[in-house]
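The structure appears right after this line, and notes come after that.
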Amino acid sequence: MKRRKFLKNSSTLTAGMISAPLLASCQDPKIIETNLAENPSGTKPIAICTWNFENATAKAWEVLKEGGSALDAVEQGVMVEEADINNQTVGKGGRPDRNGNVTLDACIMDKDGNCGAVLCIQNIAHPISVARKVMEETPHVMLAGKGAELFGYEMGFEKTSLLTEKSKLEWLEWKKTSEYKPIINIENHDTIGMLAIDKNGDISGACTTSGMAYKFAGRVGDSPIVGAGLFVDNEVGGATATGVGEEVVRTVGSFLIVELMRQGKSPQEACEEGVKRILAKNKENTDFQIGFIAMNKKGETGSYCIQPGFTYRQYSESGHVNTPSDSFIKS
Ligand code: ASP
């Protein structure tokens with residue numbers, strides 16, 4: 001049964017779950033007019049992503065400028081990196097776990113708060129699209145491991161080997177010492193988290209990764225965890241993360257940042273507070289990287305990280321730019 005039908009048929013959908021503005025608008029036609037007039041609110045389409053993934057934001061922009069939805073923009077945007085075998089932190093070509101298996105994590109979230117995620121999925125090159133199918137075609141939010149993979153095949157995704165020769169050779173080299181030490185800014189490209197606003201002023205987000213190189217088999221980080229690696233609330237804004245996922249999960253980082261924006265903080269201020277909450281739990285050790293990016297309903301953006309070196313890409317009518325993020329540690 002399709003997710004929407006499932007929800008419609010569900011007897012748990014009570015009047016109490018319908019939002020206050022919707023109830024108000026049913027009662028007062030003037031409010032409908034005002035809401036419709038204000039909805040686009042002059043906010044122009046924009047796409048941002050973690051790191052300098054120029055081709056990904058260019059793809060998202062292509063979708064937005066044709067009038068496509070933010071959901072299509074973020075999915076198609078991050079798919080560019082999933083398909084790029086030279087990117088060893090996302091999709092095909094990603095570095096494997098310590099047993100030599102490439103396992104992928106991804107999640108996606110739309111303007112209505114619907115979300116879907118796949119965890120530790122193997123042999124499918126576009127986990128973000130499987131996550132979208134989980135969101136749209138099932139009554140669930142998360143599928144993991146073999147179940148996620150089998151669901152992907154049912155949805156028509158092809159089986160493909162994700163381990164490239166380059167990643168395999170590097171893994172064999174790593175096995176000689178088996179030293180597990182996440183590098184602070186791995187070659188300056190990492191997990192891709194993307195947020196977009198479309199012509200209707202609606203926000204969606206996507207996040208996809210192969211996770212930490214040489215992780216324990218079965219390890220899942222923040223990236224496919226809704227609220228940690230990604231969160232979107234279309235009334236407020238969105239946030240997404242990169243870096244050591246365990247630390248982002250401990251503070252439910254992206255949800256925290258969206259809630260801070262709801263309370264009135266700018267995206268920049270909210271990202272700074274998000275990083276500081278993580279540091280407050282790590283007083284003795286700051287030798288790791290976390291980077292957050294955020295966007296509010298007005299299309300304002302911000303970013304903050306622990307170590308210098310993190311940047312984020314932004315594509316809007318005013319151009320295509322890579323912006324270095326301010327960091328807690330300055331050099
Ligand atoms: N956040 C990802 C994870 O923990 C990895 C990264 O962004 O470097 O799996």
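Within this structure, residue 285 passes the test of being polar (S, T, N, Q), modelled with pLDDT under 95, away from the ligand (no atom under 16 Å from the Cβ) and more than 12 Å from residue 305 (Cβ to Cβ). Note on region 195-207: among residues that are crowded, with 20+ Cβ neighbours inside 10 Å and not in a strand (DSSP E or B), the one that is farthest from the ligand (Cβ to nearest atom) is 201. Scanning region 136-175 for residues that are farther than 21 Å from residue 108 by Cβ and surrounded by 14 or more Cβ atoms within 10 Å (Cβ to Cβ) gives 163, 164, 167, 168, 170, 171, 174. Residue 167 falls short on exactly one of the conditions (1) assigned to a helix (DSSP H, G or I); (2) without any contact (Cβ under 8 Å) to a residue 60 or more places away in the chain; (3) hydroxyl-bearing (Ser, Thr, Tyr), and that condition is (2). Of the residues 247, 235, 259, the single one that is surrounded by 20 or more Cβ atoms within 10 Å (Cβ to Cβ) and charged (D, E, K, R) is 247.
If you go through region 119-167 one residue at a time, how many are basic (Lys, Arg), over 19 Å from the mean Cα position of the chain (by Cα) and more than 19 Å from residue 219 (Cα to Cα)?
Within region 119-167, the subset basic (Lys, Arg) is 132-133, 146, 159, 166.
Now drop any that are not over 19 Å from the mean Cα position of the chain (by Cα), which leaves 146, 159, 166.
Cutting the leftovers down to more than 19 Å from residue 219 (Cα to Cα) gives us 159, 166.
So the count comes out to 2.
Looking at 227, 238, 221, which one is within 16 Å of the ligand (Cβ to nearest atom), small (Gly, Ala, Ser) and in contact with a Gly (Cβ under 6 Å, 6 or more places away or on another chain)? Break it down into steps so the answer makes sense when it comes.
Details: 227 fails: in contact with a Gly (Cβ under 6 Å, 6 or more places away or on another chain); 238 fails: within 16 Å of the ligand (Cβ to nearest atom).
From the options 227, 238, 221, the qualifying one is 221.
If I filter region 177-194 for residues that are assigned to a loop (DSSP other than H, G, I, E, B), more than 16 Å from the ligand (Cβ to nearest atom) and free of Cβ contacts under 8 Å to residues at least 40 places away in the same chain, do I get at least one hit? So that I can check it myself, show each step before the final result.
Looking only at region 177-194, we keep the residues that are assigned to a loop (DSSP other than H, G, I, E, B), and these are 177-185, 189-191.
Narrowing the set further to residues that are more than 16 Å from the ligand (Cβ to nearest atom) leaves 177-179.
Still in the list and also free of Cβ contacts under 8 Å to residues at least 40 places away in the same chain: 177, 179.
Looking for residues that are assigned to a loop (DSSP other than H, G, I, E, B), more than 16 Å from the ligand (Cβ to nearest atom) and free of Cβ contacts under 8 Å to residues at least 40 places away in the same chain, one finds at least one in region 177-194, hence yes.
Quick grid of which residues meet (1) modelled with pLDDT of 95 or more; (2) surrounded by 15 or more Cβ atoms within 10 Å (Cβ to Cβ):
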site	(1), (2)
254	yes, yes
269	yes, yes
292	yes, yes
320	yes, no
323	yes, yes
331	no, no
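Listed here are the residues, each with its yes/no results for (1) of a type in the set (Lys, Arg); (2) touching a residue at least 60 places away in the same chain (Cβ under 8 Å); (3) touching a Phe, Trp or Tyr at 6+ places or on another chain (Cβ under 6 Å).
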site	(1), (2), (3)
80	no, no, no
91	no, yes, no
95	yes, yes, no
103	no, yes, no
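Across region 208-241, what is the number of residues that are under 17 Å from the mean Cα position of the chain (by Cα), part of a loop (DSSP other than H, G, I, E, B) and among the aromatic types (Phe, Trp, Tyr)? Residues flagged as under 17 Å from the mean Cα position of the chain (by Cα), part of a loop (DSSP other than H, G, I, E, B) and among the aromatic types (Phe, Trp, Tyr) within region 208-241 amount to 0.
Regarding region 242-261, can at least one residue be identified that is assigned to a strand (DSSP E or B), within 16 Å of the ligand (Cβ to nearest atom) and of a type outside the set (Lys, Arg)? Yes, that holds for at least one residue.
Can you confirm whether region 197-219 contains a residue that is polar (S, T, N, Q), in contact with a Pro (Cβ under 7 Å, 6 or more places away or on another chain) and modelled with pLDDT of 95 or more? Let's see the steps before the verdict.
First, pick out the residues of region 197-219 that are polar (S, T, N, Q): 200, 204, 208-210.
After this cut, where a residue has to be in contact with a Pro (Cβ under 7 Å, 6 or more places away or on another chain) as well, the list is 200, 208.
Checking which are modelled with pLDDT of 95 or more leaves us with 200, 208.
Yes, there is a match, as at least one residue in region 197-219 is polar (S, T, N, Q), in contact with a Pro (Cβ under 7 Å, 6 or more places away or on another chain) and modelled with pLDDT of 95 or more.
Selection of region 75-113 for residues being in contact with a Gly (Cβ under 6 Å, 6 or more places away or on another chain), surrounded by 22 or more Cβ atoms within 10 Å (Cβ to Cβ) and aliphatic (A, V, I, L, M) yields 102, 108, 109.
The values are calculated or read from the model by the stated rules, or taken from the named source; none is laboratory data. Since the model is a prediction, treat every value here as computed from it, not as a measurement. Positions of Cβ are backbone-derived with ideal geometry, glycine not excepted, and every protein chain shown enters the neighbour counts.
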